[in-house]
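Reviewing the structure listed below.
The values are calculated or read from the model by the stated rules, or taken from the named source; none is laboratory data. Values in this document were obtained by computation on a predicted structure and should not be read as measured data. Note: ideal-geometry Cβ built from the backbone for every residue, glycine included; neighbour counts use all protein chains shown. Each accessible area value is taken on the protein alone, full model and side chains, heavy atoms only, with ligands, DNA and RNA left out. Shrake-Rupley method; radii C 1.70, N 1.55, O 1.52, S 1.80 Å.
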Amino acid sequence: MHVRWYERQGSDGEAYEGDALVQWAPNGGDPTGLNSVAITLLGQGAREPITNPTGEATLPALTSASPSAAAQGAQVEIRGAYLGGATSVKFGATAATSFLVVNSATIVAVVPAGSAGAANITVVTPAGTSDALAYTRGA
């Protein structure tokens, strides 16, 4: 079953989605205890971070780009967290030719025109702008 879960209390605001086996059992042995159940989520594969609907918006965080260098027109897979709702992807100061938000942890962007060399990647979402991820634009 595909599920979403999030922290409702506390300051960390963790939130994820993924596939899980859901187990539940009634609490208590008398009829009044049947209104309450204990639920256990047994993860089945990778979990993806999502925006916590109860907390403050979290800035996007970038962890990797593949390939690690590419020329104009190439597709680059950008991985991280809180990428859902991205409004802009930049290579240096230049916006990506186009981009697709695959899920909250993955974006595929097309490298824009520009000179070969350092072109750090940033992603903008409604929550703000990510820290720069070191990237090299190829010739």
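General observations
- Projected label distance in nm at Glu77 and Ala116, using a 7 Å step from Cα toward the beta-carbon: 2.6
- Accessible-area value, Thr87, 1.4 Å probe, nucleic acids and ligands omitted, Å²: 90
- From the coordinates of this entry, percent of Cα pairs over 21 Å apart is computed, and it appears in [x] 52; [y] 68; [z] 65 under the label [x].
- Using only Cα coordinates, the Kirkwood hydrodynamic radius of the range 47-123 works out to 12.8 Å.
- Length available on full extension from Met1 to Ala69: 0.36 nm per residue minus the Cα-Cα distance, which gives 20.7 nm.
- Apportionment of accessible area to carbon and sulfur, the chain, percent (1.4 Å): 51
- Ala96 long-range amide H proximity, modeled H, under 5 Å: Val89, Lys90, Phe91
- Counting every C-alpha pair in the range 95-139, the share spaced more than 11 angstrom apart comes to 72%.
- Simple point charges give the picture: +1 on the Cβ of Lys and Arg, -1 on the Cβ of Asp and Glu, and for the chain a dipole about the Cα centre of about 480 debye.
- Other-chain or far-sequence residues with amide H under 5 Å of Thr136's (modelled H): Ala70, Ala119
- Zone residues, the range 86-102, relative to Ala46, backbone N less than 13 Å from point 7 Å out along Cα-to-Cβ: 102
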